[in-house]
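Peer 1: Let me give you the structure first, and then I'll get to my questions.
Laboratory data are not the source of any read-out in this text; all were calculated from the coordinates shown. All figures in this text were calculated on a predicted structure; none of them were measured in a lab. Cβ coordinates were reconstructed from backbone atoms using ideal geometry, including for glycine residues, and neighbour counts include every protein chain displayed.
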Amino acid sequence: MKFDFSNANVFNNESLKGKLSALELPSVSHCSVIDFSSYDILPAFIDVHVHFREPGFSYKERVATGSMAAAKGGYFAVCTMPNLNPVPDTLENLNRQLEIIKKDSVIKTLPFGAITKGQSGKELSDMEAIAPFVCGFSDDGRGVDNNDIMREAMIRAKALDKIISAHCEDGSCIKDSKEAEWKQIERDIKLVDEIGCKYHVCHISTKESVELIRDAKKSGVNITCETAPHYLTLTDADKEDSGRFKMNPPLRDEIDKIALIEGICDGTIDMIATDHAPHSAEEKGRGFEKSLNGIVGLETAFPVMYTDFVKKNIITLDRLIELMSLNASRRFNIELDGFTVYDLNDRYAIDPDGFATMGRSTPFTGKSVYGKCMATVCSGKIAYIDEKIMKNR
């Protein structure tokens with residue numbers, strides 16, 4: 001079986017063009033040619049911040065459903081966070097997760113190892129043992145408050161040539177306050193400047209965070225960061241009394257949103273990540289205050305960003321691909337080994353009932369967007385293909 005890309009608009013990437021010209025995939029039976037000639041071919045995306053919930057919480061999400069949601073959104077690789085049961089803080093615990101990934105994932109699913117045992121912030125994980133099998137170290141969901149523990153983690157991560165991906169939330173500050181985020185970033189920048197490890201900040205949401213990271217980069221600190229589509233498109237004024245608006249960090253105000261937009265335009269912010277965090281309908285159906293933190297985003301990230309930023313000429317499509325693919329590939333040393341096929345003219349309303357993820361909670365329900373994923377190929381294999389393509393072949 002072959003793909004017809006004869007009239008397709010291929011993103012300006014010579015390596016990608018070379019792979020397309022040689023592509024021949026036997027994985028779809030009873031079909032000699034699949035016609036992609038009228039679509040846009042892009043480097044597949046990389047999300048460095050997702051939660052696939054296995055092992056331990058498979059009632060929320062499974063590797064099978066999470067990875068299919070990623071493929072359906074155009075992703076060929078994701079990095080999964082360690083708030084699991086058991087926490088991947090030893091090789092034995094990590095192996096349980098790796099076995100599930102090997103069996104069920106349809107894309108590259110790369111786990112983070114925990115920084116500390118049980119994500120407790122008190123004692124370092126077995127970093128040396130798990131380093132060869134993880135994309136980096138994170139205690140996502142919790143900040144590491146102890147300065148000495150974080151310093152030692154950075155020293156060991158540097159020796160292992162692994163990145164520290166930090167959920168910055170200072171426990172001594174008021175929860176959900178802006179200060180809780182930026183104060184820990186401020187501390188960590190000083191440590192990174194001292195130690196020189198690779199450091200990445202998760203889901204920044206405040207003006208102060210942008211400013212600190214911008215200044216750190218100018219000073220030569222080895223730092224990158226991410227934000228998410230909901231922080232770039234929504235503010236606390238958009239909140240409703242619904243769990244689909246409940247996430248950590250929370251939606252901020254207009255000033256913060258503007259600062260984040262400036263950050264993606266000027267290069268301060270390196271990546272768009274989703275913090276895809278599914279919960280059960282019951283856990284997200286308790287109203288805003290009592291629902292658990294976390295929303296899903298793998299199937300909406302590109303359409304939302306393309307509609308609100310590329311279509312409105314805030315950033316170019318090239319810049320969006322940098323934010324969603326190329327920069328993550330470089331920083332996390334993930335070979336760009338996939339492409340996605342999009343119909344950028346397809347306009348539709350986001351409907352969670354059609355999601356592949358088990359989660360349904362998104363603040364973008366009903367939003368009109370452009371851009372539908374028609375197929376995703378990972379390492380030469382079809383990870384996802386739209387029914388419409390198969391019907392029209």
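Peer 1: Could you list which residues have their amide H under 5 Å from that of residue 49, counting only those 5 or more apart in sequence or on another chain, with H placed in the peptide plane?
Peer 2: 79, 274, 275
Peer 1: Over 31 Å between C-alpha atoms is what I'm after, so list which of 122/217; 117/372; 117/175; 72/102 land there.
Peer 2: 117/372
Peer 1: Give the share of C-alpha pairs in each 5 angstrom bin for region 239-393, from 0 to the last occupied bin, in whole percents, shortest bins first.
Peer 2: Calculated P(r), rounded to whole percents: 2, 8, 14, 19, 21, 18, 12, 5, 2, 0.
Peer 1: Helix 91-104 versus the longest principal axis of the chain: what is the Cα-based angle in degrees, 0 to 90, to the nearest 10?
Peer 2: The helix 91-104 is inclined about 20 degrees to the chain.
Peer 1: Enter the Cα centre distance for the pair region 172-236 and region 279-352, rounded to the nearest angstrom.
Peer 2: That distance is 21 Å.
Peer 1: Once you order the gyration tensor axes a ≥ b ≥ c over the Cα atoms, which shape class does region 45-337 get: rounded for a/c under 1.5, otherwise prolate or oblate by comparing a/b with b/c? Numbers along the way, then the final one.
Peer 2: Details: a/c = 1.26, a/b = 1.08, b/c = 1.17.
Rounded, since a/c falls under 1.5.
Peer 1: Below 26 Å, Cα to Cα, which lysines can residue 218 reach? Residues fewer than 8 away in the same chain don't count.
Peer 2: 158, 162, 178, 183, 190, 198, 207, 257
Peer 1: Right, another one. Calculate one ³J(HN,Hα) per residue across region 199-206 by plugging θ = phi - 60° into the Karplus curve 6.51 cos²θ - 1.76 cosθ + 1.60, and present them in order as whole Hz with x for glycine and proline.
Peer 2: 9, 10, 9, 6, 5, 5, 9, 10
Peer 1: Given the rule -39500 (n - 2.57) for each run of at least 4 DSSP H residues, summed and divided by the residues of the chain, what is its mean residue ellipticity at 222 nm, to the nearest 500 deg cm²/dmol? Don't skip to the end; give the middle numbers.
Peer 2: Numbers: 14 runs with 124 residues, N = 393.
Value at 222 nm, helices only: -9000 deg cm²/dmol.
Peer 1: Under a cut-off of 16 Å between alpha-carbon atoms, report the aspartates and glutamates in cross-link reach of residue 311, not counting same-chain residues fewer than 8 places apart.
Peer 2: Partners within reach: 40, 343, 346.
Peer 1: Same structure again: Along region 258-268, what does the Karplus equation 6.51 cos²θ - 1.76 cosθ + 1.60 (θ = phi - 60°) give for ³J(HN,Hα), rounded to whole Hz, x for Gly and Pro?
Peer 2: 4, 5, 5, 4, 4, x, 6, 7, 9, x, 4
Peer 1: Turning to a different aspect of this structure: When we measure straight from the Cα of residue 290, which aspartates and glutamates land under 14 angstrom away, once same-chain ones fewer than 8 places off are left out?
Peer 2: Result set, ordered by chain and number: 240, 241, 282.
Peer 1: Contact order normalised by length for the chain, with contacts defined as Cα pairs under 8 Å and 6 or more residues apart; what percent is it?
Peer 2: Relative contact order, the chain: 19 percent.
Peer 1: What list of ³J(HN,Hα) couplings, whole Hz, do you get for region 360-374 from phi and the Karplus terms 6.51, -1.76, 1.60, once you set θ to phi - 60° and write x for glycine and proline?
Peer 2: Values, residue by residue: 10, 8, 9, x, 9, 3, x, 5, 7, 9, 10, x, 10, 6, 9 Hz.
Peer 1: May I ask for the longest run of the chain untouched by GluC sites (Glu not before Pro) that are loop-located per DSSP and have at most 15 neighbouring C-beta atoms (other than their own) within 10 Å?
Peer 2: 124-239
Peer 1: What are the semi-axes of the equivalent ellipsoid of region 59-133, taken as the square roots of 5 times the eigenvalues of the Cα gyration tensor, listed largest first and rounded to whole Å? Walk me through the numbers on the way to the answer.
Peer 2: On the way: eigenvalues 112, 28, 23 Å².
Whole-Å semi-axes of the equivalent ellipsoid: 24, 12, 11.
Peer 1: Further question on the same structure: Please identify the trypsin sites (Lys or Arg not before Pro) of region 204-304 that satisfy two criteria: DSSP loop assignment and at most 15 other Cβ atoms within 10 Å. Which are they? Provide the component values of the computation, followed by the final result.
Peer 2: On the way: sites: 207, 214, 217, 218, 239, 244, 246, 252, 257, 284, 286, 290; in loops: 239, 246, 252, 284, 286.
Sites meeting the loop and neighbour criteria: 239, 286.
Peer 1: Right, something else. On a 0 to 90° scale, report how tilted helix 63-73 is relative to the longest principal axis of the chain, with both axes built from alpha carbons and the result rounded to the nearest 10.
Peer 2: Helix 63-73 sits at roughly 60 degrees to that axis.
Peer 1: Determine, from the Cβ-Cβ distance of residue 161 and residue 103 and an R0 of 41 Å, the FRET efficiency 1/(1 + (r/R0)^6), rounded to the nearest 0.05.
Peer 2: 0.90
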